[in-house]
1. By DSSP, what percent of the beta bridges with both residues in the protein assembly as shown are antiparallel, rounded to the nearest 5?
2. With the label 7 angstrom out along Cα to Cβ, how close does B:D62 come to the same site in each of the other copies, in nm, nearest first?
3. What residues qualify as long-range amide H neighbours of B:R478, i.e. H under 5 Å apart, gap of 5 or more or another chain, H built at 1.01 Å from N?
4. Whose amide H sits under 5 Å from the amide H of A:G226, counting only residues 5 or more places off or on another chain, with H placed in the peptide plane?
5. Quote to one decimal, in nm, the extra length available between A:D188 and A:R462 on full extension: 0.36 nm per residue of separation minus the C-alpha distance between them.
6. For chain B, what is the mean residue ellipticity at 222 nm derived from helices alone (per DSSP H run of n ≥ 4: -39500 (n - 2.57); sum divided by total residues; nearest 500 deg cm²/dmol)?
7. Take the Cα of B:I276, step 7 Å along the line toward its Cβ, and report every residue of region B:151-182 whose backbone nitrogen sits under 17 Å from that point.
8. Work out how much length B:R266 to B:I119 would gain on full extension: take 0.36 nm times their residue separation and subtract the Cα-Cα distance, in nm to one decimal.
Protein chains: 2
Amino acid sequence: MTGEALRISPLGGVGEVGKNSTLVELGEDMIIVDAGVKFPETELHGVDLVVCDYTYVAERIDRLLGIVFTHGHEDHIGGLPYLIMQIDPHDPIPIYGTPLTLGLISVKLKEHGMLGRVIQIAIREGQRARLGPFDVEPVAVNHSIPDAVGLVIRTPAGVLFHTGDFKFDPTPVQGRTTDNERLRQLGDEGVLVLLSDCVRVEQPGWTASEAGVREALEQLIGAAPGRVLVTTFASNIGRLCEVVRSAHKLGRKTGVVGRSMEENLRVARELGFLQIPDGSLVELRELNDLPPDKIVLLSTGSQGEPTSVMSRIARGDHPLVKIQPDDTVIFSASPVPGNEESVARSIDNLFRRGARVIYQMIDPRVHVSGHASREELRHLLDLVRPRYLVPLHGEHRMLWLLRELAVESGIPRENVFLTEIGDVVAFSAEGAQREEPIQSGSVLVDGLTIGEVTNVVLRDRRRLAADGVLFVSVTLDRETGELLSGPDFVSRGFLQVDSEETDGLFEEARERVAAALEGDTARQPDVSYLVGKVRDTLNSLVYERTRRRPMILPLVTEV
Amino acid sequence: MTGEALRISPLGGVGEVGKNSTLVELGEDMIIVDAGVKFPETELHGVDLVVCDYTYVAERIDRLLGIVFTHGHEDHIGGLPYLIMQIDPHDPIPIYGTPLTLGLISVKLKEHGMLGRVIQIAIREGQRARLGPFDVEPVAVNHSIPDAVGLVIRTPAGVLFHTGDFKFDPTPVQGRTTDNERLRQLGDEGVLVLLSDCVRVEQPGWTASEAGVREALEQLIGAAPGRVLVTTFASNIGRLCEVVRSAHKLGRKTGVVGRSMEENLRVARELGFLQIPDGSLVELRELNDLPPDKIVLLSTGSQGEPTSVMSRIARGDHPLVKIQPDDTVIFSASPVPGNEESVARSIDNLFRRGARVIYQMIDPRVHVSGHASREELRHLLDLVRPRYLVPLHGEHRMLWLLRELAVESGIPRENVFLTEIGDVVAFSAEGAQREEPIQSGSVLVDGLTIGEVTNVVLRDRRRLAADGVLFVSVTLDRETGELLSGPDFVSRGFLQVDSEETDGLFEEARERVAAALEGDTARQPDVSYLVGKVRDTLNSLVYERTRRRPMILPLVTEV
């Protein structure tokens, strides 16, 4: 294929949900769509964030024409500061997004002291932006955050449509639905490649409308005898606005607890996405002066995150908010896979403290997803009628299921490309083919720096977590090899420190190690040999006595 | 209340699902219903099992008349070896159960070399067993294992009914449903206290019948072009039997992979619960001689457990079974809360290797629960019409929801007792009241011994998992306080070992620690003071440079 092919490369967003980012190249020019971050699974011990590896882009930074964002959720914008760190540009990078998206990005860049590292260009549906050979047109889509768009990217090689995150929702509460008509026109115009969200393809039918959630919230808040506490995703700005609006309609005032939520609501309000009378939103301390049935409290913690507001309220250790009789708590969210246990624990604790808790499992109306279900994805395919399809924003099984759906819709199976991160597929009028993968992967962020939590470190953390660690120190005379001190032991996460059993084991270990070294010291063997000998001796003794395998770390010192 | 009251105490099975065990006392006499084990949550690092604390029973062992089991699932029988260890009896303990339940218990006790520690007494529905003042009558119930029963326990203080685990399933495939008629008679007779399973109370309606699963399995296996691999719970003996039976009906032979599954099927078959012609079940190596469309492979791993057969097949590292084109894999199970991520990973990997995977989310017919849903629980309450209710086998929110249901069914709210582990409620004709809780709780089993994985050890493991560990060793001259050797460092799970950055940090740390000790050594302060000083110095340096907080363990040696 010639240099005019359009090359698509997922840097994130396939093979795992989270950290969405797609590289689009045409000849020497490149743009990036979205730069998300992922919150790690539990088994990535101690890792704070997972971002994309942008090495390929960093090495070709002069060719990057800009980054275009579809919407303001963390898994689409949160990686930008780390992208900026990695590409270390001489000139600011142009970033494109709708006003709310740029507003949320600005908050994030400000926290990192990076506002000066970008040039912000606002885009709106119906208008076009030109980035070199890429003509970008945002198309309104409905999602759980206002001002979300899909992107039509017209190039000399053909037209690409990237859905962003979306559902159709025919009765949207924020007044804007996915632009069916524009999608149909796009299909008429001819789409070479469709990149589509598929994270809810396992769900049959259509995703329910936010209108049902609005109705349920109004009914539940209206019927509540006392205070109503609502928790949802801080990022679900549409839902936040609905809660505040419903509360206002029912004569209640809303207090917001949780920094991310307050910040998101502030930005949404400043940009006109939340139109409520002054005084509907009040400070937490003002709430205390109101009767319980005039209060709504909106908080973070819908995922049972241990340090979140709702988890602290559930545990009874929030300094300002304590559960009272007649409190109603609404979990207006569903647990993200992996969070089921912690959410269940929060709900249990709230029940224990006497609250009535309403959550999706017992009242399915209190939350709907922001993503399209199976029949909606079929509808999308029917509207857009692409020649090629690349499923995005899904784990492998979801990419697979969207391909099945596409085949049912008449797209040839070989025209659907299931990708892994870093795969490259080149598209042009002549055809499509896979090219050599580019450098890519996951960069783990822990603490200050990025990229240095390696697999070895993680493997060690997993082992430390399973059986703990036993450190042994031995001091030998450099000249004679005589045992001057030790072996001394320090352990953590193994047996109870200072227990009788531990003391007994260490006493026995001391004798065994001393005996093991006895024969050798005369010959003055090297330190690494002695370290190995100490480790082997302890490994077998400890396993024999406890059936555990703590990590054993000997240190032999010669003085 | 007088000594004749019936005292009920959940030793497990409330506040968390798993390790079901209930203590029933009347005056000086006691029996235990079930002795389960729980598999730990991910955050109990390295803990193998969680069992009940039986201290209260152990201290009154002469009063224990026997242990009665409702069915043969791990969460009801798996704790028996640990109970036996804890109560260390002079005489064997009488245990009561239906034939399959006793068969499965025997396998377990044999593994622990404890067969001689019990006397087994088989019970059957319609027959009664007498344990001192307790007259025990098993009532047939339907569950995901054959030969399950509820227990009517008649006492001078009144009648108790313990449901065990159950659903009604009007069209059972194993030919036995819950005995509606007996339950209604029991209601007529008058039940003082009902102890009821409530783990599925959050689900509306009735739990679907196994008949639907049978139909789905037959259809899917019949339509599969090649081999069919089915994974389910090893404990779901009903389902295992159905898979073998369906395969046989469709002209396929079944091979079973996974020790627990093979063992359970063997016991079920020996006791007549699986009636299939010889030759339907074949050894794994015989399968290789058959064409793919004559093969069904039944395996463990439905929960994505890393070392299970299906997870190894999914990762491509099972020595005997590799995914082939046209393989169909059926997950005939739903993920237990907490296992969602690992199950999803297995499914993804199987799709990647080219299998077609069918799982509950995309075909809800392939699994149904063995527990009663909300309307079934209402039906139970209508049949049994108890005076008092103690919800069992549920997390706190489920106990709470069963109480709501009971109140709707006409039971006064104050007659429903929500309990935590160790709570005691005394019931008699005169009334019911809470008494002093007894010693109880969770005993964590790790490796050979039980009970010694304390909270301190767990907290340390959590910290080790988050940021790793840094050991520092310093050797001083006992006389002069002079630094003879070190500080030397060993770290794991912190920074990449042997990296330039780590070496740089350790170099700097070496200087800082040496400088910190410099001033002190002259004065020969005590070792614990020096340890504190080394730790403080390193803590601040490490946090400053890396923003991480590894556990820092200094060891100061004097020679």
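FYI, it's all coordinate maths here, none of it is from the lab. This one's a predicted model, so the numbers in the text were calculated from it and none came from an experiment. Note: ideal-geometry Cβ built from the backbone for every residue, glycine included; neighbour counts use all protein chains shown.
1. On the way: 96 of 190 bridges.
In the protein assembly as shown, approximately 50 percent of DSSP beta bridges are antiparallel ones.
2. The answer, with the shortest distance listed first, is 9.4 nm.
3. B:V559
4. A:T328
5. Details: separation 274, 0.36 × 274 = 98.64 nm, distance 5.36 nm.
Stretched out fully, the A:D188 to A:R462 stretch lengthens by 93.3 nm.
6. Numbers: 16 runs with 181 residues, N = 559.
The per-residue figure over chain B is -10000 deg cm²/dmol.
7. Residues passing the 17 Å test: B:173-175.
8. Details: separation 147, 0.36 × 147 = 52.92 nm, distance 2.25 nm.
Stretched fully, the B:R266-B:I119 segment lengthens by 50.7 nm.
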